[in-house]
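Student: Here it is, the structure in full.
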Amino acid sequence: MTEETIKTEALMSEKRVFNPPKKIAENANIVDWEAALKRGEEDLEGFWEDAAKELEWFGKWDKVLDDSGKPFYKWFTGAKCNIVHNALDRHIKTPLKGKVAIIAEAEDGKVRKFTYAQLHKEVCKFANVLKSLGIKKGDRVAIYMPNIPEIAIAMLATVKIGAIHSVVFAGYGEGALKIRIEDAEAKIIVCADGVGRGGKKINLKDTVDKAVAQCPAIKKTIVVKNAGLDVDMANCAWYHELMETASDKCETERMDSEDILYILYTSGTTGKPKGVIHVHGGYMVGVNRTLRWVFDIKPQDIFWCAADPGWVTGHSYIVYGPLLAGTTTLMYEGHPTYPDPGRMWDIIERHSVTILYTAPTMIRMLMGLGDEWPKKHDLNTLRLLGSVGEPINPEAWMWYYKNVGGERCPIMDTWWQTETGMFMLTPTPQTPLKPGSATKPFPGVQAKIVDNDGKEVETGKGGHLAITTPWPAMLRTVYKNPERYKKTYWQEVPGGMYISGDIARKDEDGYFWVQGRSDDVLKIAGHRIGTAEIESAFVSHKAVAEAAVIGIPDEVKGETGKAFVILKKGFAGNAELVEDLKKHVRKELGPLAIIDSIKFVGSLPKTRSGKIMRRVLKARELGLDEGDTSALVD
Ligand code: PRX
């Protein structure tokens, strides 16, 4: 039995069912979940066309779905729109203009609030700043910033003028940042001097300077003064100085529905990350409909998605989704347990948060710190909870349900990906819940579990989680690499389905149980990081000849990395080198690439064609069956 089978069987043995409270189910935005599922199945295009009609368009579509060039699907073709028009412009003509759009809390407790009208002005101003620096429709703007309102302003301003943002998570190191700036050929980078975390000020500008020094396409670095650090400003401009003289009026660019909205890089099975492309029209329709139905956005809600804007979760459900839905989105810049493990509960209490959406890693960490912390705070404003990023184990689910939700808040376990743009498998406030299962596909989404031949497998059996019909917020391609798009997502198994790269099972009630990745991608604290990327960071160290990285289960973080390293001649594998290698990988990739241990070896298990068999390394490490090893060189 493999480690995977053991894990999923433990999850699927979970039989408890939790029905959502009647009051929540009866008043939900989704009127009838079962009927919506049926409608989505019978009339996919009609279902999504209705969702599109909830938004404003500058010009209507000729076709809802164009599948003539599949798998390069197009949605709402011929339509004109701009997501920023729907997220901001249209709201300021309504009473929403005075409503708080963003609540931002810094680690030192400083709170800033922006109404929709204020946010609109800031976005117009920064859009004019970008224009004055020569940014035009279609240009790429790189953004490397912590969880502060200026990141949202920079994203929205870029998009307002028809340019494309490429946000890089500000925890990435210089190597990872450089590769992303280069691939996107960004002309400008917007960053912050630093970020406050865990009582310290972390310098981000140094990392940016080192990356930019290797990226000649960057014409200017714009710096938000956030941490008050003394930074080198050669060929840089302060954000606040540029904003001082900028006009607060700026037209929103009329875009084609299929024009690129943003690029967001995600790790794959090669060392080079994939630039996932999302577009204006379909993305806004998918994100708006899923957020309103799953998290049931009501006028009085304060929505806290405790992710980072640098990941897709933040793009879709900190920035775009909440603003499209006209709700209040909360951004917290600091560490979740600073100055004490009650910080998150304190934020919920002080800001009367009604919906909390976070990751299993966070829940497990907070669970480990003890029940007394949530108990110290009044969490009664909470109405709904959410989970994302990795499978949630029933124990963590129960803790979250009882200690945070007071047994009255349904948990929306949402399965989705950078590539899907929106929730794909998810409950709604009307769905009976099973701890550990993301339940069923969202209405208008069809999923199956298939084997390597593309055939649906029996109930209870594991297989590839495949999406069998297109959906509006789907990625359109991989930036500058349409072949990789086709190969990675559509040709992995026959049948023309989208293959997610996840392994899952379906139970007798049609509920999906996602187990994890089927490829060489680790999930560390819910973050996707390719073993190939970590290996190439190792190999870029002068002492390393070859490296193989595998994921090792971790109770809190889900997984951490273990590296097997072959050294070059003349280098000794001692404790000092271990530390140096860890530091090197951290510098290249950032602190998210957690390498728990490093083992120096003389050889690595390889196939005859020279491919490292990480599966074998992992099985040996965990004491599991090595499976078929006939391809292995002795
Ligand atoms: O393995 C699945 C896991 O996260 C992967 C997508 O990672 P990323 O593109 O970084 O996006 C994360 C946030 C949307 C998936 O292939 N995953 C995400 N949500 C869940 C999950 N696994 C189980 N349950 C989930 N709810």
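The values are calculated or read from the model by the stated rules, or taken from the named source; none is laboratory data. Keep in mind that what you see is a predicted model, and the values were worked out from it rather than measured. Cβ: placed from backbone, ideal geometry, glycine included. Neighbour counts: every protein chain shown.
Student: Got a number for residues in segment 306-361 being free of Cβ contacts under 8 Å to residues at least 60 places away in the same chain, within 16 Å of the ligand (Cβ to nearest atom) and among the small types (Gly, Ala, Ser)?
Tutor: Residues that pass the stated criteria total 2.
Student: Right, something else. Counting only residues that are more than 25 Å from residue 571 (Cβ to Cβ) and small (Gly, Ala, Ser), which one in segment 591-624 is surrounded by the most Cβ atoms within 10 Å (Cβ to Cβ)?
Tutor: Checking each candidate, the answer is 619.
Student: Follow-up question, since we're still on this one. Report yes if residue 573 is touching a helix residue (DSSP H, G or I) at 6+ places or on another chain (Cβ under 9 Å) and surrounded by 16 or more Cβ atoms within 10 Å (Cβ to Cβ), otherwise no. Even if it seems obvious, please write down each step before you answer.
Tutor: Details: touching a helix residue (DSSP H, G or I) at 6+ places or on another chain (Cβ under 9 Å): no; surrounded by 16 or more Cβ atoms within 10 Å (Cβ to Cβ): yes.
Judged against the criteria, residue 573 is not a match.
Student: Still on this model: Those residues that are of a type in the set (Lys, Arg) and in contact with a strand residue (DSSP E or B) (Cβ under 8 Å, 6 or more places away or on another chain), I need them from segment 509-548; list them, please.
Tutor: Narrowing segment 509-548 to residues of a type in the set (Lys, Arg): 517, 523, 528, 542.
Across segment 509-548, the qualifying residues are 517, 523, 528.
Student: Could you tell me whether any residue of segment 414-427 is at pLDDT below 95, in contact with a Leu (Cβ under 7 Å, 6 or more places away or on another chain) and either within 16 Å of the ligand (Cβ to nearest atom) or closer than 30 Å to residue 262 by Cβ (or both)?
Tutor: Of segment 414-427, the ones at pLDDT below 95 are none.
No; the residues of segment 414-427 include none that is at pLDDT below 95, in contact with a Leu (Cβ under 7 Å, 6 or more places away or on another chain) and either within 16 Å of the ligand (Cβ to nearest atom) or closer than 30 Å to residue 262 by Cβ (or both).
Student: Restricting to segment 54-74, name every residue that is part of a loop (DSSP other than H, G, I, E, B) and surrounded by fewer than 18 Cβ atoms within 10 Å (Cβ to Cβ). Before the answer, list the steps.
Tutor: The initial filter retains those residues of segment 54-74 that are part of a loop (DSSP other than H, G, I, E, B), namely 54-58, 60-62, 67-73.
Across segment 54-74, the qualifying residues are 54, 56, 58, 60, 62, 67, 68, 69, 70, 72.
Student: Would you mind telling me which numbered condition in (1) outside any strand (DSSP E or B); (2) more than 16 Å from the ligand (Cβ to nearest atom); (3) more than 19 Å from residue 621 (Cβ to Cβ) residue 474 fails?
Tutor: (2)
Student: If you don't mind, there's one more thing I want to ask. So which residues in segment 107-125 are in contact with a Lys or Arg (Cβ under 8 Å, 6 or more places away or on another chain) and either small (Gly, Ala, Ser) or surrounded by fewer than 20 Cβ atoms within 10 Å (Cβ to Cβ) (or both)?
Tutor: 115, 117, listed by residue number.
Student: Among the residues of segment 305-321, is any more than 26 Å from residue 224 (Cβ to Cβ), modelled with pLDDT of 95 or more and surrounded by fewer than 24 Cβ atoms within 10 Å (Cβ to Cβ)?
Tutor: So the first thing to find is which residues in segment 305-321 are more than 26 Å from residue 224 (Cβ to Cβ), and the list is none.
There is no residue in segment 305-321 that is more than 26 Å from residue 224 (Cβ to Cβ), modelled with pLDDT of 95 or more and surrounded by fewer than 24 Cβ atoms within 10 Å (Cβ to Cβ).
Student: Right, residue 578: more than 16 Å from the ligand (Cβ to nearest atom), surrounded by fewer than 21 Cβ atoms within 10 Å (Cβ to Cβ), in contact (Cβ under 8 Å) with a residue 12 or more places away in the chain and of a type in the set (Val, Ile, Thr) or not?
Tutor: Values: more than 16 Å from the ligand (Cβ to nearest atom): yes; surrounded by fewer than 21 Cβ atoms within 10 Å (Cβ to Cβ): yes; in contact (Cβ under 8 Å) with a residue 12 or more places away in the chain: yes; of a type in the set (Val, Ile, Thr): yes.
Answer is yes for this residue.
Student: Would you confirm whether any residue within segment 467-483 is within 16 Å of residue 505 (Cα to Cα) and at pLDDT 95 or above? I'd like the intermediate steps shown before the answer.
Tutor: First pass over segment 467-483, keeping only residues within 16 Å of residue 505 (Cα to Cα): 467-468.
If we keep only those that are at pLDDT 95 or above as well, we get 467-468.
Checked against the condition, which is being within 16 Å of residue 505 (Cα to Cα) and at pLDDT 95 or above, segment 467-483 yields at least one hit.
Student: Still on this structure, please answer the following. Pick from 229, 242: which is hydrophobic (A, V, I, L, M, F, W, C), outside any loop (DSSP other than H, G, I, E, B) and modelled with pLDDT of 95 or more? Break it down into steps so the answer makes sense when it comes.
Tutor: Details: 229 fails: outside any loop (DSSP other than H, G, I, E, B).
Result: 242 is the single residue among 229, 242 that is hydrophobic (A, V, I, L, M, F, W, C), outside any loop (DSSP other than H, G, I, E, B) and modelled with pLDDT of 95 or more.
Student: Name the strands (runs of 3 or more DSSP E) wholly within segment 259-361 that hold at least 2 residues that are touching a Ser or Thr at 6+ places or on another chain (Cβ under 8 Å)?
Tutor: Working: elements: 260-266, 274-279, 302-305, 328-332, 355-358.
Fully inside segment 259-361 and qualifying: 260-266, 274-279, 302-305, 355-358.
Student: Which of (1) assigned to a loop (DSSP other than H, G, I, E, B); (2) touching a residue at least 40 places away in the same chain (Cβ under 8 Å); (3) more than 15 Å from the ligand (Cβ to nearest atom) does residue 379 not meet, given it meets every other one?
Tutor: Among (1) assigned to a loop (DSSP other than H, G, I, E, B); (2) touching a residue at least 40 places away in the same chain (Cβ under 8 Å); (3) more than 15 Å from the ligand (Cβ to nearest atom), residue 379 violates only (2).
Student: With (1) on the phi > 0 side of the Ramachandran plot; (2) within 12 Å of the ligand (Cβ to nearest atom); (3) more than 20 Å from the chain's Cα centre (by Cα) as the list, and residue 397 as the residue in question, which single condition is left unmet?
Tutor: (1)
Student: Kindly indicate whether any position in segment 250-266 is closer than 17 Å to residue 146 by Cβ, touching a residue at least 24 places away in the same chain (Cβ under 8 Å) and either of a type in the set (Phe, Trp, Tyr) or not assigned by TED's automatic domain parsing to the domain that holds residue 81 (or both).
Tutor: no
Student: Here is a list: 402, 448. Which entry is away from the ligand (no atom under 14 Å from the Cβ) and in a strand (DSSP E or B)? Quick ask: steps written out before the conclusion?
Tutor: Working: 402 fails: in a strand (DSSP E or B).
So the residue among 402, 448 that is away from the ligand (no atom under 14 Å from the Cβ) and in a strand (DSSP E or B) is 448.
Student: Looking at 610, 590, which is the one that is in contact (Cβ under 8 Å) with a residue 60 or more places away in the chain and at positive phi? Give the steps one after another, and end with the answer.
Tutor: Details: 610 fails: in contact (Cβ under 8 Å) with a residue 60 or more places away in the chain.
None of the others qualify; the one that does is 590.
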